[in-house]
Each structure stands twice: as C-alpha cells, then as structure tokens.
Amino acid sequence: MRIILISNFHNHHQMPLCDGFLQIPNVEFTFIATEKVPQKRVTLGYAQTFDHLPYYREAIEPQDAIAAEQLCFDSDVVIIGSAPMTFIKRRLQAKKLTFTYNERWFKQGFWHHPGDIYRAVRAYTLPGNRNFYQLCASAYTAFDSNRIFAFPGRKLRWGYFPEVKKQDISALMAQKEPATLLWAGRFLCWKHPEMALTVAKRLKEDGISFCLSMIGGGEEEQQIRTLIRAYDLEDCVALLGTMSPEEVRIHMERSAVFLFTSDFNEGWGAVLNEAMNSGCAVVASHAIGAAPYLLRQGENGFIYQNGDLEGLYQYTKKLLTDPVLREKLGKEAYRTMTECWNATVAAGRLYDFAQAKLTGEKVPSYPDGPMSEDRGKVKNYG
C-alpha cells in the first residue's frame, strides 16, 4: 500500500507518525512538504532540513509540485494537512480514498469570518465524496464540520502525535519533585501565561509550598516579568527562557504538575501529549483542542472551564496537597499516551481502516482513541 502524507512543513511532531507508517509491512510511505520550515519555528528549536530521511521529499518548486500532484493521484491513500487542495483535486474527482486532518475551523465563532465558511464549504462539503474522510485534530473540529454539513458519518478522532517515550513508570515518578509546577509555551496573550502567575500568587498567599517554572518567550514576556515583581513571586517563580523540545521534556519529567492555560485559539496543543507522557498531573483549559480527547476528568488529569481562575486554582491546589492523587493522575496520563494516544497506534489503525476500505471489507470500529468516530457533540466556541 502506498501512503502519502502531505503538509506544509515537516517537524518533530510529525516524525513519530511517519515512523509509525514505516514500521508497517507492505507500506511504501512518503512525506511531502510544500514549504520550508518558517524561521520563527527554527528559533524555537525546530530542525531546518530533513533530506536525511528516506521518506522525505519537497514540493516547493513548480516542477516538484507537478510531480507531487501526480504521486498523490497514483497512491492508494493520501493524508493531507495544511497544504493546497490542488494536490488532491484530481484524486477527489476520481473518488479515491483520501483523508484530510484539520484543527477547528472557526476559532473566533462561526460568523466571525464568513470567508472561512465559504472556503470550508467549497473544499470539504461540495466534493460529496464518500471516500473523503476527516481526521479531527481537535475535539472541536467535528462540531465545526457539522455546521457546514461536511463529512457526514466520516469524521474520525485524530490529533498530533509527538514522540511517546516508554519508561519505567515507578522510576519516572520517583524523579519528580513534589511541589513543582510547570508551564511551557510561547508567551502569547491567547496562551494566558498570566493565569499561571495568578494561581502562584494565591498559592503563596495561602501558604502552600511550590515552585513554578515557566519555559518560553514571546511578546508577553515583559508583562510576565512585571507581574512576577508585582505579585512578589521572585522567590517561587523561575523564567527559564526558550528551549529545544528535548530540553522541555527533561523539565516535564522532573515536574509534578503541568498547567496548560490556552484559550480556544489553541488548535491541538502537543505539549499536552508530552506532559502526559512525562507523567505530569495536568490541569488544562477545556478550550484546548486536545484536552477533551486526551483527558478524562479526575482519572488522568483535570479540565477547568476556559477562563475560570477559581477552577484552575482549586485543581492546582488539590494536586499540590494530595500526593496520592497527584501520582495516580500522573501514572494514568502516562498510560493514556503509551497504550492509546500515540503514533504507532494511530498509524496502525489508519492502515487497517484503509486496507478494509480498499478491499471492500468491513471497516474496524474503535470505542476511543485515534480513528474512533467523532459525531461532533463537543461544542466549539461561538
């Protein structure tokens, strides 16, 4: 089976899935990049070149794009992400098996950008192709699709699949420092790093021992530094700057609790995968695209309603003061990633699904995790 994954640029979050396809016998896999890695991503530690990877090719120059379009047409299965639909236009007309993976479309509300509605209808509703499936890289994507009558009965849970490490869980938990909180991401207004500081301020006022580390940089960094001084948090909050993905994981593996405070502008949020795989007890906003898929309330993490500072504070306080619960949630988070939400499972399930479709057999059904059906019950913002 020849499988093509085409997207804008390659990165460390895509590589485990590519490796997952490579491990399947009888699969010929190719990743096609339509752009170079943006410089702002390079400054965050992203690699720039992937020519050493046997499955990697680019479709940036016109002649390469023509060849890539033909390869997409000839292949058994194509998965398209953030790439021009021209690469699969002939394929859709021929009703060949094709998957598109999307984050939520209408982050600012359904009527906020009418042009987005038009483009989505044209690309995903009008083809009316029963062999065209949507891989939902957000728990809110299926709801958006339902609003424009796209992919009826053909919406499947998906996501992003960064590296999942398998470790001795007891050893992983033993290296965690019990009173440590971690926040990681770009300092942007919609990621709300200030909410972590508000929680830290209340924890200090309540006499609860903790240390908050914040990894990242960005346009809100000066404001964060000002708040740290204003809240008198210099002795318990550390700004660690930007780091490579590998360095971030080291800090996650040492931290007990991970705070994820983004609003509805967070499409997926791969740091949630990484924090859970690192055995962190997570407190995450419900607005994050990955949260409703990956987290089970009170079992492998806590979800608070976006913007609810009181909820964020109470869950964080509970985890800091209840070491038994904190370890239980951290272990269950780790199991969620190693047993279900990982690239190997996702690649294998997609292959089995595609094989059944191509041979006319009954497609497999999964109760949860990658490739399970999403009927769009989780309502998006607006």
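Some values worked out for this structure:
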| item | result |
| --- | --- |
| Relative contact order, percent, segment 1-116 [alpha-carbon distance under 8 Å, six or more residues apart] | 28 percent |
| Dipole moment magnitude, nearest 20 debye, segment 3-151 about Cα centre, only Lys, Arg, Asp, Glu C-beta charged | 620 debye |
| Protein accessible area in segment 325-382, 1.4 Å probe - carbon and sulfur % | 46 percent |
| Theoretical ellipticity at 222 nm over the chain - DSSP helices of four or more residues, -39500 (n - 2.57) apiece, nearest 500 | -10500 deg cm²/dmol |
| Span per principal axis, largest first, for the Cα atoms of the chain (Å) | 66, 46, 39 |
| Potential lengthening between residue 170 and residue 222 on full extension [0.36 nm per residue; Cα-Cα distance subtracted] | 14.8 nm |
| Relative contact order (%) - segment 232-382, alpha-carbon pairs under 8 angstrom, separation at least six | 19 percent |
| Candidates 331, 40, 317: whichever shows maximal mean-square fluctuation once the chain is modelled as a Gaussian network with Cα springs under 10 Å | 40 |
| Fully extended contour minus Cα-Cα distance, from residue 368 to residue 352, at 0.36 nm per residue | 4.2 nm |
| Residue among 335, 349, 41 with the largest mean-square fluctuation in a Gaussian network model of the chain, springs linking Cα atoms under 10 Å | 41 |
| Carbon + sulfur, % of accessible area of segment 255-304 - ligands and nucleic acids excluded, 1.4 Å | 49 percent |
| Å² of accessible area per residue within segment 1-160, as computed with a 1.4 Å probe and no ligands counted | 45 Å² |
| Electrostatic dipole magnitude of the chain [Cβ: Lys, Arg +1; Asp, Glu -1; Cα centre; debye, to 20] | 1240 debye |
| Signed unit charges on C-beta, dipole axis of the chain, positive-most listed residue 340, 359, 185 | 359 |
| The chain, relative contact order [Cα under 8 Å, separation at least 6], % | 18 percent |
| Accessible surface, segment 232-382, averaged per residue in Å² (probe 1.4 Å) | 39 Å² |
| Filter on 36/89; 166/191; 165/328; 155/357 - keep pairs with C-alpha separation over 26 Å | 166/191 |
| Where 188, 233 fall by accessible area, highest first, once all protein chains stay in place (1.4 Å) | 188, 233 |
| Distance between modelled label sites at residue 310 and residue 23, nm, 7 Å Cα→Cβ extension | 4.6 nm |
| Estimated dipole of segment 77-224 in Debye, rounded to 20 [Cβ of Lys and Arg +1, of Asp and Glu -1, Cα centre] | 1220 debye |
| Highest-fluctuation residue, 153, 216, 369 considered, GNM on the chain with Cα pairs under 10 Å | 153 |
| Sulfur and carbon atoms: percent of accessible area, segment 130-182 [1.4 Å] | 52 percent |
| Contour minus Cα-Cα distance for residue 53 and residue 93 (0.36 nm per residue) | 11.3 nm |
| Under DSSP loop assignment and at most 12 Cβ neighbours within 10 Å, longest chymotrypsin sites (Phe, Trp or Tyr not before Pro)-free interval of the chain | 150-382 |
| Heavy-atom accessible area ranking, 1.4 Å probe, most first, across 192, 52 | 52, 192 |
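The values are calculated or read from the model by the stated rules, or taken from the named source; none is laboratory data. Worth saying up front: this structure is predicted, and the values here are computed from it rather than measured. Positions of Cβ are generated from backbone atoms using ideal geometry, with glycine treated the same way; all protein chains shown enter the neighbour counts. Keep in mind that these areas ignore ligands, DNA and RNA; they rest on the heavy atoms of the full protein, side chains included. Shrake-Rupley method; radii C 1.70, N 1.55, O 1.52, S 1.80 Å.
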